[in-house]
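FYI, it's all coordinate maths here, none of it is from the lab. These figures come from a predicted structure and were not determined experimentally. Every residue, glycine as well, gets a Cβ built from its backbone with ideal geometry; the counts of neighbours run over all protein chains shown.
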Amino acid sequence: MSETALSTPDVPLGEPPAPAGLADFADLARAVLPPEVWDFVDGGSGAETTLVANRRALDRVGVLPRVLRGVPTPRTDARLLGATHALPVAVAPMAYQRLLHPDGEIALAGAAGAAGIPYVASTLSSAPIEEIAAAGGTVWFQLYWLRDRGLVTDLLDRAQAAGCAALVLTVDVPILGRRLRDVRNSFAIPPHVLAANLPAGRDDLAHAATPGVSAVAAHTGEVFAPAVTWADLDWLRERTPVPLVVKGVLDPRDAVRAAESGADAVVVSNHGGRQLDGAPASAAALPAVVEAVAGRCEVLLDSGVRGGVDVLRALALGAHGVLVGRPMLWALAAGGRAGAETALSLLAGEFRDALALAGCADPGEARDLRTTVE
């Protein structure tokens with residue numbers, strides 16, 4: 001082999017190479033974010049065993065490709081919650097996105113809309129739900145159950161008026177998981193980054209830096225209701241005209257109960273390893289949930305998704321789609337809306353390639369693939 005063949009393409013000094021895959025944005029984000037913000041996004045709870053398990057579980061899933069199928073260029077579009085989207089993917093709800101980039105949620109929602117996939121806006125967004133919904137595309141609203149029932153009602157009314165196409169109730173945060181990186185950093189949200197959906201002053205604790213304390217945990221302990229019940233879900237179902245999603249389910253019994261209570265979908269999720277440390281990896285819990293609900297509602301996977309092959313793995317395990325979280329924050333940090341659009345374009349290409357290599361003409365065929373566990 002010649003010396004020329006062994007050489008690498010010239011890259012201008014001081015400029016990192018362009019991302020070749022979705023996971024490449026992590027290093028780009030880490031290079032530009034303050035260390036305490038990186039830890040807030042990247043970290044998990046406790047010893048971070050569940051955080052690590054999420055990735056390991058997906059890596060252990062082998063997909064048996066089909067051959068001689070005569071598959072042309074695969075279609076990537078899929079139906080989620082009664083609507084067709086460009087990918088079986090939604091951007092996961094994530095708080096305080098203006099920590100990562102001044103344009104925050106507006107940029108990421110706009111990128112999701114341009115890519116043709118849903119964007120899930122968090123209760124703790126740093127932009128109001130009205131502005132996020134106006135950014136274009138399909139927006140779902142994620143609800144944390146708050147101590148103030150009147151405020152819950154107000155958020156529901158605002159989300160409906162803004163045109164949100166679904167409601168996602170997060171059920172795995174009775175209290176905030178003990179995120180030791182934030183405790184060690186005495187992490188607090190900067191004053192310019194607000195919980196924009198809450199009334200003025202209702203996020204003051206999130207900004208109050210105290211040595212050895214996570215201000216985010218202190219704030220959520222003040223405003224989140226610690227004892228949400230199935231009766232609350234029933235109340236929510238009665239007053240919610242749009243599809244209802246229950247996020248944070250791992251036990252199949254809870255998934256069945258959610259379906260029986262009228263949930264249109266459940267999200268198998270351990271909150272990205274940020275709640276109960278020691279909970280199983282989401283991918284490991286997924287097949288039992290799919291079997292238990294037996295088609296009574298859709299099943300989505302969240303936690304650990306890092307590329308198109310992971311989307312294929314989730315579908316092969318029985319999911320209807322996935323939520324992708326941290327990689328989108330990395331892309332937002334690295335390049336704002338343009339970075340997020342690049343990341344979603346890469347994800348779409350990765351998924352299309354994965355379908356082709358697995359012999360699948362579309363995401364529906366991927367759900368018929370068989371898997372192994374290494």
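What percent antiparallel are the DSSP beta bridges of the range 31-182, to the nearest 5? Before the final figure, lay out each step's value.
Values: 3 of 11 bridges.
About 25 percent, rounded to the nearest 5.
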message: Can you tell me which of GLU238, GLU350, GLU131 moves the most in a GNM of the chain? Springs connect C-alpha atoms under 10 Å apart.
response: GLU238
query: Roughly what % antiparallel, to the nearest 5, for the DSSP beta bridges in the chain?
result: 25
task: When a/c is below 1.5 the answer is rounded, else prolate if a/b is larger than b/c, else oblate, so apply that to the range 305-370 with a ≥ b ≥ c taken from the square roots of the Cα gyration tensor eigenvalues.
output: prolate
- prompt: By the gyration tensor of its Cα atoms, with a ≥ b ≥ c the square roots of the eigenvalues, what is the shape of the range 206-317: rounded for a/c under 1.5, prolate for a/b over b/c, or oblate?
  reply: oblate
query: Between ARG147 and ARG352, how many nm apart are label points set 7 Å from Cα along the C-beta direction?
result: 5.1
query: If one computes the Cα centroid of the range 164-221 and of the range 80-94, what distance in Å separates the two points?
result: 26
query: Roughly how many nanometres apart are two label points built 7 Å out from the Cα toward the Cβ at GLU222 and LEU276?
result: 2.9
query: Quick one: what does P(r) look like for the chain with 20 Å bins over all Cα pairs, in whole %?
result: 29, 60, 10, 0
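Rounded, prolate or oblate for the range 93-143? Axes are the square roots of the Cα gyration tensor eigenvalues, ordered a ≥ b ≥ c, and the cut-off for rounded is a/c under 1.5. Show your work: numbers first, answer last.
Working: a/c = 1.70, a/b = 1.24, b/c = 1.36.
Since a/c reaches 1.5 but b/c is at least a/b, the shape of the range 93-143 is classed as oblate.
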task: With r as the distance between the Cβ atoms of ALA361 and ARG257 and R0 = 25 Å, compute the FRET efficiency 1/(1 + (r/R0)^6) and round to 0.05.
output: 0.10
